[in-house]
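No value in this document is a laboratory result; all are computed from the given coordinates. Everything quoted here is computed from the prediction, not taken from an experiment. Glycine gets a Cβ as well: all are built from the backbone with ideal geometry, and neighbour counts include every protein chain shown.
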Amino acid sequence: MAAGCGFYAGYPITPSSEIMEGMAELLPKAGGAFIQMEDEIASISAVIGASWAGAKAMTATSGPGFSLMMEGLGYAVFTETPCVIIDIQRAGPCTGQATRVGSGDIMQSKWGMHGDVEIVALSPWSVQEMYDLTIRAFNLAERLRLPVFLLADEAVGHLHETAEFHDRFETEQRVRGTDGTPFGSAEPGGVPPMPRFGDGANLLVTGSTHDDRGFRRVEEAEAHARLVGRLRRKVLDRRDELVDVERHELDDAEVAVVAYGFTARGALAAVRELRGRGKKVGLLRLRTLWPFPEREVAALDGKVRAVFVPEMNHGQVAGEVRKCFRGELRSYGQTDGEVIGVETMVAELERMV
Amino acid sequence: MLTRIRFGGLGGQGIVMAGSLLGEAATLAGLHAAGSNSYGAAARGTACRSDVVLSDVRIAYPHVSTADVLAVMSQAALDKYLPGLVPGGVVFADDFSLQRTPEGKFAFHAVPATHTAVREFGSRQGANIVLLGVVLGATGAVGRAAVEEAIRHVVRARFHETNLRALALGFELGRPLAAGGRS
Amino acid sequence: MPRSLEQYLRPGLKGTTFCPGCGHGILLHAVVRAVHELGLDRRELLFVSGIGCAAWIPSPHILADTLHTLHGRAVAYATGAKLANPKLTVIVVSGDGDLVSIGGNHLIHAARRGLDLTVICANNEIYGMTGGQAGPTTPRGAASATTPGGNPYGPFDLVRLVLGAGAAYVARFPVTQPRPLTDAIKRAIRTPFFSFVEVASPCPTQFGRRNRLEDVGALYDRIRDLSISRDEAFGRSAAELRDRIVVGEWTPEDLLLAGGGRVPGAPAC
């Protein structure tokens, strides 16, 4: 709400429902609109409709609901609709362990939609970052006209913690005017202004391949290639602005942990403990997961001998690390519905240094 | 200063409330606090826990993997969480449901939390706050005024009086235990 | 379409993409005429559609804001847009398969909520765009690409479905009765709650061809002959009303009259 969110549509699902309950109470008081939809498909649909009607819009969900939203999220990417989706990841697959922690949606957020899409996914590790990165997600969504994911996990989602709800940030306002081409840009990675319904722009919004004005171009190869190309470049050309990592104790490290989400907090504790014993270990913490911080990981190559990637899934990010790091890589996947313990990571790292 | 406190008991005993009040009070007292509770079916009738980490600097790792202080309201919780206590840690156990006194490298205090609540209020409600008062009276982790303010923030108004009284009784029971050792 | 209504059509389009004999062009005319006669500000009009032939009625043809969404989801998108900007007059135009099969849950929940949306369902009794498969409104016994031996199941009665779900105004007319159809659309738009208009619109290419109704004229004759007003239908037996298209307008009061039982005038299915 600090970021200017004016619309929430959702469907209750453990362990994300607390967000929905909070929005149900607070959003209408602040002049926004809240609605409980009949399912997650309807939720993302209503979010997209509201976004085109001019509202900054969001929803929150977890694994099964995230799966149901995939088609709608593809629509949001293709029609360049700003929206924010918070996924409080739980232990999957399927219904899995609804109340337990996991982080198995990393690949789904990028590859769950059919076709080739580029999206932005952020990974908070604290209550403070649930606040700060939600604001950042709204700003990026509005600036780039795309869905932005906050891939939190149950451990962060249910953490109680001292946090400051400050107002030291800029709020991105959507560029609303139109030159008649709300779906085209002269720049190969450009973001066109987005008029809203009711502005008199006679908008043609469609999930089919379309030209700059929105007319369907479903049989023109060039039109499809150009549109998909621009939607990808829109994200990839801005990767330096989007990618956000933290480096801890990496300067003289021989072994680096690459971690994200709640696991990264345990990893930092493990690194500090081992540093206390004179072991040269460090942490590269990924606060952006998509676009993947390839350069930042590749920069470890030649600097550290080995990389350790602990995850609450079986190597979803380790596979991405493998693509850019040629040294020794140890992937540690834990999917038992529990967070990876600090002592577990200490023991694993001790075997590597 | 880093203190990791774990409350354990059964769903319905107010374990999560004790943890929430402590976290809120610590924040009001200017400390950093992090808390996490058992979540899901376990929170409704069976064993449950509430973990709180207190620190005067930003908290790096917010979960309690090993606790400095363990405060329990059931024998099952004592048995379950005792292995997760640091050597030299402190245990406070409500004597109402205590069946066995454990042995080990820790300070152990059996405290009459439920008995006090029943005597003062005619019901077990409030025993969790008595226990919270004992823990804080003995450890000094957070001052009483901050907890009182937290009660006024978190607890519904009609329970304020009972809760504040339970807290005061707890502090009285806890203060003599500050030196540590066995009781 | 008369010149006076051309201002509602998006410039630069060379006719519609509907098959010869399709009823959707008549429905497009009726929708545009209704909007014109109501004197609505085009800037505040939003047309939402899903996937299928009928979804093309507003998009790209109508010169207003149009949101051409995913298959089945039009009503859910419309819900979000209306809540975010209540000033919009939101009209969903889509087909029977889109709104009632894949989108059926959204339809009944929107009717239950009673938000001010107008949903116009072009019912051609078959999946047209995807090649003539059976839908939730295909008559029992009718041939389709997926029921070569005849549809073993009966169709939804959309009037009863949507009225039962809580709609404030429901109407059913065939494209062979353009004037009452247009008036019903106007009434639906003016209704400040959830309203629904089912429109019987023939599909010569898929339904007609597969059911030996190749002559387009015969297909329109069929729709016209099957249509019976709710007054005429009142008191008739279920057997007499089988396969008939009972046309007219219904409100929640009709449910009260029926005492929770059969709605007077509603068709048996």
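Whose amide H sits under 5 Å from the amide H of A:Phe308, counting only residues 5 or more places off or on another chain, with H placed in the peptide plane?
Hits under the 5 Å cutoff: A:Ala256, A:Val257, A:Val258, A:Arg330.
Label B:Val118 and C:Leu226 with points 7 Å out from Cα along Cα→Cβ: what is the distance between them in nm?
Simple spin-label model gives 7.6 nm for this pair.
Take chain C, compute every pairwise Cα distance, and split them into 10 Å bins from 0; I just need the percent in each bin.
For chain C, the pair-distance distribution reads 7, 32, 38, 19, 3, 0.
Which ordering of C:Val75, B:Val118 is given by a fewest-first count of other beta-carbon atoms within 10 Å?
So the residues, fewest neighbours to most, are B:Val118, C:Val75.
Using the reciprocal of the averaged 1/r over all distinct C-alpha pairs, how large is the Kirkwood radius of the protein assembly as shown in Å?
After inverting the mean inverse Cα-Cα distance, the result is 29.7 Å.
Over the whole of A:51-60, what's the average partner chain Cβ count within 10 Å per residue? Rounded to a whole number, please.
That works out to 4 on average.
Give me the number: length gained by fully extending A:Glu328 to A:Asp211, i.e. 0.36 nm times residue separation minus the C-alpha to C-alpha distance, one decimal in nm.
The A:Glu328-A:Asp211 span can extend by a further 37.4 nm.
Please go through region A:252-320 and write out the trypsin sites (Lys or Arg not before Pro) that DSSP classes as loop and that have at most 12 other C-beta atoms within 10 Å.
Counting only loop positions with at most 12 other Cβ atoms within 10 Å, the trypsin sites (Lys or Arg not before Pro) in region A:252-320 are A:Arg277.
Take the Cα coordinates of region A:203-333, assign each an equal point scatterer, and use the Debye formula without solvent to give log10 I(q)/I(0) at q = 0.22 Å⁻¹.
Debye output, listed in q order: -1.22.
Take each uninterrupted DSSP H stretch in chain A, measure its Cα extent along the helix axis, and return the ones at 24 Å or beyond whose mean Kyte-Doolittle hydropathy is at least -0.5.
Taking the DSSP H segments of chain A (at least 24 Å long, mean hydropathy at least -0.5), we get A:127-144.
Looking at region A:133-206, which chymotrypsin sites (Phe, Trp or Tyr not before Pro) are in a loop (DSSP not H, G, I, E or B) and have at most 12 other Cβ atoms within 10 Å?
A:Phe165
Out of the GluC sites (Glu not before Pro) in region A:147-218, which ones are loop residues according to DSSP with at most 12 other C-beta atoms within 10 Å?
A:Glu164, A:Glu170
Given a Förster distance of 25 Å, report the FRET efficiency between A:Arg233 and C:Leu13 from their Cβ-Cβ distance, rounded to the nearest 0.05.
About 0.20, to the nearest 0.05.
Using alpha carbons only, how many angstrom separate the centre of region A:234-309 from the centre of region B:98-125?
About 47 Å separates the Cα centre of region A:234-309 from the one of region B:98-125.
Mind giving me the FRET efficiency for B:Ser65 and A:Glu18? R0 is 25 Å, r the Cβ-Cβ distance, nearest 0.05 is fine.
With a Förster radius of 25 Å, E is 0.55.
Mind pulling the per residue volume of the convex hull built on the Cα atoms of chain B? Å³ is fine.
In chain B, the Cα convex hull volume per residue is 107 Å³.
Please order C:Ile108, C:Ile26 by the number of other Cβ within 10 Å, starting at the fewest.
Arranged by neighbour count, lowest to highest, C:Ile108, C:Ile26 become C:Ile108, C:Ile26.
In whole angstrom, note down how far apart the Cα centers of region C:1-32 and region A:18-66 are.
One Cα centre to the other: 36 Å.
By how many nm would the segment from A:Thr95 to A:Asp244 lengthen if fully extended, with 0.36 nm per residue of separation less the alpha-carbon distance?
Using 0.36 nm per residue and subtracting the Cα-Cα distance, I get 50.5 nm.
5 Å is the cut-off here: which amide hydrogens, built 1.01 Å from N in the peptide plane, fall below it relative to A:Gly102, excluding neighbours closer than 5 in sequence?
Sorted by chain and number, the residues that satisfy this are A:Arg90, A:Ala91, A:Glu154, A:Ala155.
Give the average, rounded to an integer, of partner chain Cβ atoms located within 10 angstrom of each Cβ in A:150-162.
Across A:150-162, the average partner-chain Cβ count within 10 Å equals 5.
What is the mean number of Cβ atoms from other protein chains located within 10 Å of the Cβ atom of each residue in peptide A:191-203, rounded to a whole number?
Across the residues of A:191-203, the mean count of other-chain Cβ atoms within 10 Å is 5.
If you take the beta carbon distance between B:Ala145 and A:Arg272 as r and set R0 to 30 Å, what does 1/(1 + (r/R0)^6) give as a FRET efficiency, to the nearest 0.05?
0.35
Ranked by Cβ crowding within 10 angstrom, fewest neighbours first, how are A:Trp290, C:Trp56 ordered?
So the ranking, lowest neighbour count to highest, is C:Trp56, A:Trp290.
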